[in-house]
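Note sheet for the following structure.
Derivation of every value follows stated rules applied to the coordinates shown; laboratory data play no part. Quick caveat, the model's predicted, so the values are computed rather than measured. So basically every Cβ, Gly included, is an ideal-geometry build from the backbone, and we count neighbours across all protein chains shown.
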């Protein structure tokens with residue numbers, strides 16, 4: 001694994017042009033990588049040197065060229081400067097997986113095991129080639145082609161071969177897709193099926209474009225689960241939870257194991273549980289009953305004496321919700 005943000009501080013004279021400064025940085029990266037490669041055991045070094053190098057004419061050295069061609073970006077820190085946290089990782093097998101603008105797999109790095117995994121994002125037929133994305137999939141065909149040019153790739157996937165431009169239009173909407181499940185759940189002006197329809201349309205678009213590897217695919221599945229939670233339908237919510245739970249490649253993935261069982265208490269404690277069907281007062285009283293059941297009388301009395309309860313109860317009364 002090699003740092004992408006810079007191996008070390010390099011002095012670059014102010015008189016240098018940008019191409020000259022860029023070459024200095026490439027040379028420094030090459031020097032840093034050569035030390036790493038020289039320390040590899042012979043069989044690992046041999047495997048690394050057998051990888052393709054598509055950066056022979058841009059000033060990259062042989063090691064840097066292989067690194068730029070085959071590495072996957074990995075963020076290992078949480079500093080404000082993202083570049084300082086970014087590294088490039090070359091994998092023995094995964095780096096040999098070819099590109100597709102509609103990939104059937106996605107990669108994910110696990111810091112705890114210090115390993116990469118390759119996940120199938122949809123059903124893959126026997127004998128079908130495994131593919132990953134080398135570029136930003138929401139870009140249009142022209143931008144993707146430019147990004148793939150250094151790899152020597154002229155992609156012929158269905159999206160790139162689309163001469164009507166419809167695929168570009170569909171992909172352009174991906175960056176505009178946003179979910180505010182809370183805004184819909186608590187709104188009395190948005191229709192009950194508004195969020196569900198929005199998610200279903202997005203999922204259909206992603207499947208049509210073969211973009212199940214995108215993070216928004218996982219996000220839409222989770223949103224569908226939360227829609228049914230808002231209606232108090234744990235049975236249907238658990239079906240969507242099962243689908244989202246399998247998206248292990250998503251960058252914002254969180255385990256949904258506690259929602260796989262429709263009888264799980266996780267539904268009752270979810271902040272959106274039945275918010276589309278209950279009055280505010282019903283929600284306040286249900287939460288108090290749940291606290292008493294799970295935590296006991298002492299915690300119940302403590303909750304009822306809290307400022308938060310007083311505010312919630314006042315809001316419920318202001319709404320005019322007195323029917324239990």
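Projected label points at residue 125 and residue 252, each 7 Å from Cα along the beta carbon direction, are separated by 3.4 nanometres.
Compared with the direct C-alpha span, the chain from residue 191 to residue 85 gains 33.9 nm at full extension, assuming 0.36 nm per residue. With R₀ fixed at 30 Å, the C-beta to C-beta distance from residue 14 to residue 44 puts the FRET efficiency at about 0.15. Residue order for 222, 277, fewest other beta carbons within 10 angstrom first, comes to 277, 222.
Look at 246, 198 and count the other Cβ atoms within 10 Å of each Cβ; fewest to most, that gives 246, 198.
Computed extension gain for residue 75 through residue 200, at 0.36 nm per residue and net of the alpha carbon distance, reaches 41.9 nm. For a modelled paramagnetic label at residue 31, 7 Å from Cα along Cα-to-Cβ, no residue of the range 63-98 is in reach, as no backbone nitrogen comes under 12 Å. Taking square-rooted eigenvalues a ≥ b ≥ c of the alpha carbon gyration tensor, is the range 173-255 rounded, prolate or oblate, where a/c under 1.5 means rounded and, failing that, a/b exceeding b/c means prolate? Note, shape of the range 173-255 comes out oblate.
Peptide packing: for 11-20, 37-46, 141-150, the average count of neighbouring Cβ atoms within 10 Å per residue gives the ranking 141-150, 37-46, 11-20, highest mean first. Length gained on full extension, residue 58 to residue 182, computed as 0.36 nm times the residue gap minus the Cα-Cα distance: 39.8 nm. Ranked by the mean number of other Cβ atoms within 10 Å per residue, highest first, peptides 257-269, 111-123 order as 257-269, 111-123. With each label modelled as a point 7 angstrom along the Cα→C-beta vector, the residue 166-residue 207 pair spans 1.7 nm.
Peptide packing for 248-256, 187-195 was compared via the average number of neighbouring C-beta atoms within 10 Å per residue; ordered from the highest value, the list is 248-256, 187-195.
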